[in-house]
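Step one of this worksheet: look at the structure below.
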Amino acid sequence: MKVTVFGIGYVGLVQAAVLAEVGHHVVCVDIDEHKVAQLRQGVIPIYEPGLAPLVEDNIKAGRLEFTTDAAVGVEHGEVQFIAVGTPPDEDGSADLKYVLAVAKTIAQYLNHSTVVIDKSTVPVGTADKVRLMIKAELDRRGVDIAFDVVSNPEFLKEGAAVADCMRPDRIIVGTYDDKPKDVIRELYEPFNRNHEKLIFMDVRSAELTKYAANCMLATKISFMNEMANLAELLGADIEAVRKGIGSDPRIGYHFIYPGCGYGGSCFPKDVQALIRTAEQNGYQPNILHAVENVNNKQKQRLPQLVHQHFGSDLTGRTFALWGLSFKPKTNDVREASSRVLMEQLWQAGASVQAFDPEAMEEIQRIYGVRDNLTLVGTKEAALKNADALIICTEWQQFKAPDFDMIKQQLKQAVIFDGRNLYEPERMARKGFSYYAIGRGESV
Ligand code: NAD
C-alpha cells in the first residue's frame, strides 16, 4: 500500500520503518528540514534499538522516503498518518495545533480519496475536529473528495519501539462507520497473521483507550512509590513487598518497580491532559491528581536523600551521576528525573559529572556548556573524585559494577540509588552508605 506519515519523531519514524519493512511504500513528511536531510542520508536522529538498519535497508530498497514537501506526501498516500507531537498546553491540556495543521495541509493538497489515521495521542473529540478541519478546507477549495478519519493510538514503548510495532499486543482502531475497516485490515495484515489483534471500536473510545492505558500504568508506578515511602517509614523493604504482591496474577510484576519518579514524553503529559479533559467536563479526577502529585514528589526523593546526607549547602561538592535518560535504551530525556535532580544539585551549589550510554548529546543540547556539568565517556570516569554516586536510570551496565573500583574513585563511599539496583545488606558489608527507595532505614 502507499502510506504517508506526517511527523517523523519516535512514533512516526518507527511506524514508517516497520510498515516499509513489511512491503508498504512509505513517504514521510516533516517540517524539520534538518531531520529530513539527515534521514535522507541514513542518519537517525533518535536512538532506538534495531531502528537504524531498518531505516537504512528500506531507504535502499526504495520503500522509505523522506520529504518536507507536503504536496508530495498527500499525493502519495492511500492512507495518511498523523504522528506529530501533542505537547502540553499552558494549562496541561494537549496542544492540538500540530495535529490540526497537518489535517489542514492534507485537505489543501488532497486530490483522491484517502483514510486519515490519527496516531498522535489526542483528547477525546479530536477526530471530530480533524474531520471538520478537512471538510472546511475541501469546501473552501470547492472540491468534494471522500475521506475517512480514524483513531489509531500508538502503544509502543521507547526503548523497544521497533519490536512493539512489529509485534503489537493489540491494534486499536476507532472508526465512525465500517467504510475504512478494509483499508485498515489490509494495512495491518502483516502484523495480524497469527491471532486477531485488531480491535475496532468507536472513535471516542479509541481516543480514551490510549489515555486510560497510560494513566493506568502511571497509577501503578505512583502507587508503588507511595508504598515505597511508607515502607521506609515502617522499616519494611519495598523490594520484598514488590515480589510478594507481583506473584499474585491479578496484580502481576509489570510496572510495579518503585523508583525516583516516572518521566518521558508520555506519562506526565498524558496524565495531565486527561485531568484537564475530566475537569473541562465537570469531573474531578481524584486518582489522576494523586498520581501526578505523588510523582512530582517522588522526583524530589533523591535530592532529599542527598541533602539528608550532605546538608543543605552543597557548594564545592561534585556528584557522579549514572543515567540521564528517563528510562533505559532510549536517548529521550523529556521530563527525566535526572534533570530535576541535576537542577536541584546545581541550585545548592554542586557540580555533576554524568554518564549515560545514549542521552548525553540530548542533555548537552538542552543545557549547553556549563561549569557545573561535565559529561564523560564512561561510567568509571564519572566517579573520579566525586563525593558520591547517584543512579537515575537502570541501564543494564549499571547493574553489577565493580564496587571496589567505585570506592576507590569516590571521595566517600556513598551511593544514592533511585532504581534499587543493589542489595542494601551487601552494600553495607562492602562499606557503603547506601540510600535506595523504600528499603527500610537507609544504611
Ligand atoms: P516527536 O516530538 O518525537 O516528533 C514529532 C514530529 O512531528 C517532529 O519531527 C516534528 O518536526 C513533526 N511535525 C510537527 N509539525 C508537523 C507538521 N505540520 N508536518 C509534519 N511534521 C510535523 O513526537 P513523538 O514522541 O513521536 O510523539 C508523537 C505523538 O505520538 C504524540 O502525540 C505522542 O503523545 C504520541 N506517542 C508517543 C509515544 C512515545 O513513546 N514517544 C508513544 C505513543 C504515542
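Below, the figures for the structure above:
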{"quantity": "Every pair of residues 6+ apart whose Cβ atoms lie under 6 Å, when the first sits in region 179-193 and is in the same structural domain as residue 115 (by TED's automatic domain parsing) while the second is of a type in the set (D, E, K, R) and not in a helix (DSSP H, G or I)", "calculated": "179/148; 180/148"}
{"quantity": "Selection within region 312-331 - within 16 Å of the ligand (Cβ to nearest atom) and either farther than 30 Å from residue 160 by Cβ or buried (at least 24 other Cβ atoms within 10 Å of the Cβ) (or both)", "calculated": "325, 326, 330"}
{"quantity": "Positions within region 17-37 being within 11 Å of the ligand (Cβ to nearest atom) and not charged (D, E, K, R), in sequence order", "calculated": "28, 29, 31, 34, 36"}
{"quantity": "Hey, residue 105 within 19 Å of residue 211 (Cα to Cα), of a type in the set (S, T, N, Q) and within 16 Å of the ligand (Cβ to nearest atom) or not", "calculated": "no"}
{"quantity": "Which listed residue, of 85, 77, is surrounded by 18 or more Cβ atoms within 10 Å (Cβ to Cβ), within 11 Å of the ligand (Cβ to nearest atom) and not aromatic (Phe, Trp, Tyr)", "calculated": "85"}
{"quantity": "Only listed residue being part of a helix (DSSP H, G or I), of a type outside the set (D, E, K, R) and more than 25 Å from the chain's Cα centre (by Cα), chosen from 408, 412, 364", "calculated": "408"}
{"quantity": "Restricting region 90-117 to residues that are in contact (Cβ under 8 Å) with a residue 60 or more places away in the chain and within 20 Å of the chain's Cα centre (by Cα), the residue that is surrounded by the most Cβ atoms within 10 Å (Cβ to Cβ)", "calculated": "94"}
{"quantity": "Counted residues, region 1-15 - those being more than 6 Å from the ligand (Cβ to nearest atom) and among the β-branched types (Val, Ile, Thr)", "calculated": "4"}
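The values are calculated or read from the model by the stated rules, or taken from the named source; none is laboratory data. Treat the numbers as computed from the prediction; the structure is a model and nothing was measured. Don't worry about glycine lacking a Cβ; one is built from the backbone with ideal geometry, like all the others, and counts go over all protein chains shown.
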